[in-house]
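Novice: Can you keep this structure in mind? I'll have questions shortly.
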Amino acid sequence: MSLINLFISLTLGIAACWTYTEAQAEPPTNEIVCACAVVILLLSFVWFVVSAPWFLNLALLVALVAIGK
């Protein structure tokens, strides 16, 4: 990962925390927290695949095919 990836992730995290504190919303339920965690993990995985070099994508493909058999 490059430094720009870390900067983008940090910026998104800060923006999310600031938005939540400014909204003065009720505390989220466990379902909402889990759904947000899953979305963040999926977005992180997609971001990694898009920004990863071709050999890492190839290794990921080989691992997924090996697991699928």
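Matching residues to (1) among the polar types (S, T, N, Q); (2) surrounded by 10 or more Cβ atoms within 10 Å (Cβ to Cβ):
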residue	(1), (2)
Asn5	yes, yes
Ile14	no, yes
Pro27	no, no
Glu31	no, no
Cys34	no, yes
Phe45	no, yes
Trp54	no, no
Val62	no, yes
Gly68	no, no
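Conditions tested, residue by residue: (1) at pLDDT 80 or above; (2) assigned to a loop (DSSP other than H, G, I, E, B).
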position	(1), (2)
Met1	no, yes
Leu10	no, no
Gly13	no, no
Thr19	yes, no
Trp47	no, no
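Novice: List the pairs whose first member sits in the stretch 35-60 and is within 24 Å of Phe7 (Cβ to Cβ), whose second member is at pLDDT below 80 and charged (D, E, K, R), and whose Cβ atoms are under 7 Å apart, counting only residues at least 6 apart or on separate chains?
Specialist: none
Novice: Quick check on the stretch 21-45: of everything there that is assigned to a helix (DSSP H, G or I) and small (Gly, Ala, Ser), which residue is farthest from the chain's Cα centre (by Cα)?
Specialist: Looking at the filtered set, the residue picked out is Ala23.
The values are calculated or read from the model by the stated rules, or taken from the named source; none is laboratory data. Predicted model only: the values in this text are computed from it and were never measured. With ideal geometry, Cβ positions are generated from the backbone for all residues, glycine too; neighbour counts draw on all protein chains shown.
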